[in-house]
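> First the structure, which I've put down as structure tokens, then a few questions once you've had a look.
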Amino acid sequence: MHSFMPNTSKVRHELNKEIARKGYTLSSFSKISRVNRGVLSLTLNEKATKSFSMNQLNQMTKALDFPAGWLYELYTQEILADINNVSWRRIKDLLTHCWQIGKMDLIKMMLEALGDKPAYANYIFHFAEEIADQQPADVGGLAIFYQHVLDHETNLQAERFAISQYRLFRGSMQLDVQKWFRAAIQFASHRHALPTHLQLDALTQLINISFASKDWKLLKQYGEELLHSTHLIYNQQKKRPHSPAKTYERPLVHYYGKSYLVQCAALEMLEEYEEAKSLIPYFSNLSWFRVLDCQGKLSVEKYAVWAMCHYYNIELLQGNKSLLKPYTDYLVFFPEEQHASLEMILKASNKHRWTIDEILIKYDDIIYPHDILDYLSNLTSYSMIVETNRYINIYYELAIYYFERKKTSEQLEKILLALKCAIEKYNLILTFDSTELFKKLYTFYFRIN
């Protein structure tokens with residue numbers, strides 16, 4: 001694609017008008033704008049032989065005391081007027097600067113103009129990936145670029161198609177499980193086409209949504225896939241220890257431990273307790289893992305704690321009530337695990353009809369935080385979508401616990417309201433699981449009033 005100097009006559013006219021209005025000469029404006037006088041002469045005269053760059057336009061805009069992006073719309077219109085002849089370098093430059101100041105309407109205009117040119121899909125994909133690598137937190141805002149790639153990619157098996165699906169999936173993360181679940185369905189079938197290093201993070205997110213939506217068989221499957229991908233990378237690193245390592249969101253040991261932990265959790269929920277227990281040794285001590293940096297060592301410590309919690313969970317679910325006190329004593333040292341463990345303590349208590357009023361009184365502040373999101377954000381670095389749904393599970397189990405024990409209407413009303421609000425706010429999917437419980441609770445509530 002050849003280079004092209006866009007017809008920027010309108011932009012040039014506006015600049016010249018403002019320079020004259022403020023009484024600048026080329027020399028004085030060169031000094032205040034820090035744009036070379038020769039460049040100004042070549043770009044601002046009526047028979048301009050050179051086009052100014054976006055950086056130069058920004059410098060002149062600032063010198064004239066206008067807000068950033070003042071002439072971007074005119075500049076965009078003039079490029080679009082002869083889009084067939086504009087080089088990708090200039091298009092990329094404009095897209096970059098529009099992205100930096102949030103001119104999404106102009107980006108949309110550019111992408112629409114490129115829509116009938118499939119060859120640009122590859123350019124736009126790599127442009128979005130450059131930003132994603134530099135600013136991982138902004139991936140959600142890149143959806144407009146990745147959607148363009150998906151809309152105009154002719155090879156549905158291409159790696160960039162799978163990566164674009166993945167980026168859209170990651171960008172869709174919200175506390176509403178229903179929306180995230182739909183995005184996961186759209187992405188999941190493309191996960192195998194991702195490069196191996198992206199599969200780790202993709203599977204981690206699919207694991208989170210499977211956990212939140214209580215699909216235990218799928219959770220176990222994703223755990224097995226995560227183990228396979230982690231093994232591949234680990235073995236490649238052993239063979240080529242000095243080759244440049246890919247960047248992951250977490251240390252590699254984290255994914256290895258998670259692959260076993262989620263399989264263990266899935267088996268717990270499927271009530272296959274002995275098989276679940278057999279997996280605990282695989283993530284209880286990961287100190288053997290090679291090349292552990294500070295974050296890796298921290299992951300090893302966390303998995304040791306999680307392994308112990310899962311041991312207690314399984315024992316309680318199997319009816320070993322004698323471990324209730326040792327478990328709660330253990331949790332004193334790990335406050336960020338208390339709400340997750342409380343869910344399993346409640347589940348076991350309901351299963352075996354234990355009375356745990358003293359434990360519930362002890363954890364009253366945890367059960368009823370003033371604001372769930374504020375409480376969790378100050379306590380945990382885990383997936384917020386998993387943790388908010390864990391609270392729904394706690395309220396669900398607690399509602400059953402109170403109902404079965406014919407607690408006072410005040411207690412029932414309090415937990416019913418908490419459960420109703422949490423479901424409506426964070427996870428409409430679970431409404432279907434809770435319908436029968438709501439019937440029982442309302443019937444009981446009105447009967448005693």
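> For segment 97-209, what Kirkwood radius comes out of the mean inverse Cα-Cα distance, in Å?
So the Kirkwood estimate lands at 14.5 Å.
> When the Karplus curve 6.51 cos²θ - 1.76 cosθ + 1.60 is applied with θ = phi - 60°, which whole-Hz ³J(HN,Hα) does each residue of segment 91-96 get, with x for Gly and Pro?
Karplus-based 3J(HN,Hα) across segment 91-96 equals 5, 4, 4, 5, 4, 4 Hz.
> Report the Rg/Rh value for segment 226-346, based on alpha-carbon coordinates and the Kirkwood definition of Rh.
A ratio of 1.03.
> Using alpha carbons only, how many angstrom separate the centre of segment 115-129 from the centre of segment 15-40?
Cα centres, segment 115-129 to segment 15-40: 36 Å.
> Evaluate E = 1/(1 + (r/R0)^6) for Lys47 and Glu14, where r is the Cβ-Cβ distance and R0 equals 22 Å; express this FRET efficiency to the nearest 0.05.
Plugging the Cβ-Cβ distance into 1/(1 + (r/R0)^6) gives 0.80.
> Can you tell me, using C-alpha contacts under 8 Å and at least 6 residues apart, the relative contact order of segment 332-400 as a whole percent?
49
> What's log10 of I(q)/I(0) for segment 44-115 at q = 0.14 Å⁻¹, Debye sum over Cα points only, no solvent?
Values returned for q = 0.14 Å⁻¹ are -0.43.
> Sticking with this one: Within the set of other residues whose C-beta is less than 12 Å from the C-beta of Tyr166, count the net charge using Lys and Arg as +1 and Asp and Glu as -1.
Every neighbour counted, the sum reads +1.
> Cα-based Rg (one decimal) and Dmax (whole number) for segment 5-76, in Å?
When restricted to the Cα atoms of segment 5-76, Rg and Dmax are 10.9, 28 Å.
> Sort Arg37, Arg250, Arg89 by heavy-atom solvent-accessible area, probe 1.4 angstrom, most to least.
Sorted by accessible area, descending: Arg89, Arg37, Arg250.
> Let me ask another. Around Tyr120, what is the net charge, scoring Lys/Arg as +1 and Asp/Glu as -1 over all other residues with Cβ under 12 Å from its Cβ?
Result for the local shell: -2.
> Where does each of 109-120, 353-364, 331-342 land if you order them by average Cβ count within 10 Å, highest first?
Highest to lowest by the protection proxy: 331-342, 109-120, 353-364.
> Accessible area of the chain with a 1.4 Å probe: how many percent of it is carbon plus sulfur?
About 52 percent, which is the carbon plus sulfur part of the accessible surface.
> Over the heavy atoms of Cys421, what accessible area does a 1.4 Å probe trace out, to the nearest 10 Å²?
For Cys421, the solvent-accessible surface is approximately 70 Å².
> What are the aspartates and glutamates whose alpha-carbon lies under 20 Å from the alpha-carbon of Lys108, with same-chain residues fewer than 8 places away excluded?
Glu73, Glu78, Asp82, Asp93, Asp116, Glu129, Glu130, Asp138, Asp151, Glu153
> Based only on Cα atoms, what mean projected area does the convex hull of the chain have, in nm²?
Averaging across all directions leaves 28.6 nm² for the Cα convex hull.
> Just to verify a number: what accessible area does Lys258 come out at with the full protein assembly present, 1.4 Å probe, Å² rounded to tens?
Roll a 1.4 Å probe over it and Lys258 shows about 40 Å².
> Here's another thing I want to ask about it. Principal axis extents for segment 12-157, Cα atoms only, whole Å, descending order, please.
58, 33, 21
> If we restrict to alpha carbons, what Rg and Dmax does segment 322-385 come to, in Å?
Spelled out, the Cα radius of gyration and Dmax of segment 322-385 are 12.3, 34 Å.
> To the nearest 0.05, what FRET efficiency results for Cys294 and His231 with a Förster distance of 22 Å applied to their C-beta separation?
Once rounded, the FRET efficiency stands at 0.40.
> Given Trp88, Tyr120, Gly102, which one lies farthest toward the positive end of the charge dipole of segment 74-152, if we put +1 on the Cβ of every Lys and Arg and -1 on the Cβ of every Asp and Glu?
Positive-most Cα among the choices belongs to Trp88.
> While we're looking at this one, here's another question. Can you return the lysines within cross-link range of Lys420? Criterion is Cα-Cα under 25 Å, with same-chain partners fewer than 8 residues away left out.
Filter leaves Lys179, Lys214, Lys347, Lys351, Lys362, Lys406, Lys407, Lys439, Lys440.
> Among residues other than Ile32 whose Cβ falls under 11 Å from its Cβ, what is the net charge (Lys/Arg +1, Asp/Glu -1)?
+3
The values are calculated or read from the model by the stated rules, or taken from the named source; none is laboratory data. All of these numbers come straight from a predicted model, not from anything done at the bench. Here Cβ is always computed from backbone atoms with ideal geometry, including for glycine, and neighbour counts include all displayed protein chains. Accessible surface areas use protein heavy atoms only, side chains included; no ligands, DNA or RNA. Shrake-Rupley method; radii C 1.70, N 1.55, O 1.52, S 1.80 Å.
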